[in-house]
Amino acid sequence: MNLPVVVIAACAAALAASPSFADAKSEAKSQVEFGINVAQRGLWREAIYRWQKATELDPTYVAAYNDLAIAYEHEGQLDKARKAYDKAIELDPNNVQVRQNYELFKEINDRTSQAKAK
Amino acid sequence: MTGPAKPKQSSLAIAVIAAGCAALALACGPDSYEIPIETPIQPKMDVSPFQRVLVVGFVAGGSEDVDTNQETVRLLRSQLRTKSSLKVIDADILALIDIAKEQSLGTAGNAPDDVTSGTAPANRASTDKTNQTLALPQNIKDEKDLEPYERLFANTAYWKRIGEEFQNPLIVTGTVLFSSRSTSGFVQRDQESYDSLGRRVVRPVRQYMERKGFILRPKFVFIDGRTGATMYSESYREEILYNAQQNTPALSSYFELMDRLVPNFLSALSSQKIRGTRVLLK
């Protein structure tokens, strides 16, 4: 008797929860797409705003963190860029494109601290 | 009669599915976009108290095919003129090796006075030791030979005097070692070939090679012309190797190596933009 009740309850919960979750994901996706669009026109600050929003809507969205990291790089905010790349890699350690971006970022970042400061 | 109709229907279905997939793919668009970016890099030093910069000269050594002191000063001055906001002072290039030697002789010159004035043997021994540590090599061949010259950059009184002479600029100096190098060993390189179907195939091949080239080891020292104190210094090492048969002039190798280092040098005193490309994801 208990099992069907549990199953029904779980299904009801899933049905209730999934639309809003799907909505958030879909909204995050459109924010990322809009961000790409404006970044391609050189409006990087607007892109940052969009991609930040996307990460708030879907904190597991790898692309949003990757894009945000690139925008921070372009703005010279290297600490923030590193944090965003770290998050993207934490979410998807095997993503080749994110890793490639991160390696290029590290090259620049290391170059600035490479010199032996006295 | 119905037999031949069946394949026609199935091929039509495949065509419809393929067209549907293609339309869907087009509607979704690509998942990644390559985008050019320019990363601004903040200068490593605060040069706001200075309006002028004096690239004074370098303690240079290594290959005799290139006048490393002259070439380094000329190159850095021209780069600073176009890529920094500081006004570059055009002054005679100092032969810092000779200046270091003069300073060294000046210090050592006090020793005989001490002896004649009846210094105890123990003190004389210590003076001799000091003179030994002050000894500057005639020819600079490696980094070890450059070490004794380092104390020139710590001579704040000297640099303060230079600063006063040129109205307190930012002073750029240091050491540059440009030396030839030859090596032999196995080198991995990509070999291009075409298979029986005419496709291009690239395979890594290990090959024994005799190579020669150059190493450039500069140390840039930035001195505050107002106080004579070192503000910042940085060292680099770059190397280039060619096939032993290739005859590349030393001067062109020097410029090739300096070309790699100049952005790092400039980023010490002015903000730079580093161009690159990244991949945006959807």
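The numbers here are math on the coordinates, done by the rules we state, and not lab data. Quantities reported herein were computed from a predicted structural model and do not represent experimental measurements. Methodologically, a virtual Cβ is constructed for each residue, glycine included, from the backbone with ideal geometry; neighbour enumeration extends over all protein chains shown.
Highest mean packing comes first when the peptides A:73-86, B:145-158 are listed by Cβ atoms within 10 Å, giving A:73-86, B:145-158. Inter-chain neighbour count for A:34-42: the average number of beta-carbon atoms from partner chains within 10 Å of each residue's beta-carbon is 2. Pairs A:Lys83/B:Lys219; A:Lys53/A:Lys106; A:Lys25/A:Lys53: which are spaced more than 23 Å apart, C-alpha to C-alpha? Beyond 23 Å: A:Lys83/B:Lys219; A:Lys53/A:Lys106.
Each Lys and Arg contributes +1 and each Asp and Glu -1, all at the Cβ; summed about the Cα centre of segment A:24-114, the dipole is approximately 120 debye. For A:Leu43 and B:Glu147, a Förster radius of 41 Å and the Cβ-Cβ distance give a FRET efficiency of 0.15, rounded to the nearest 0.05. Fully extending the segment from B:Arg199 to B:Asp98, taken as 0.36 nm per residue of separation minus the present Cα-Cα distance, adds 30.1 nm.
Here the alpha carbons of segment A:24-114 define both size measures, Rg and Dmax, at 12.5, 42 Å. Peptide A:74-80 is shielded by partner chain Cβ atoms: per residue, an average of 4 of them sit within 10 Å of its Cβ. Inter-label distance, B:Glu64 to A:Thr60: 7.2 nm, where each label sits 7 Å from its Cα along the C-beta direction. Each Lys or Arg adds one and each Asp or Glu takes one away; over the other residues whose Cβ falls under 14 Å from the Cβ of B:Val201, this sums to 0. What the Cβ-Cβ distance of B:Arg74 and B:Lys282 gives, at R0 = 51 Å and to the nearest 0.05, is a FRET efficiency of 0.55.
On the beta carbon distance between B:Asp190 and B:Tyr33, with R0 = 25 Å, the FRET formula returns roughly 0.30.
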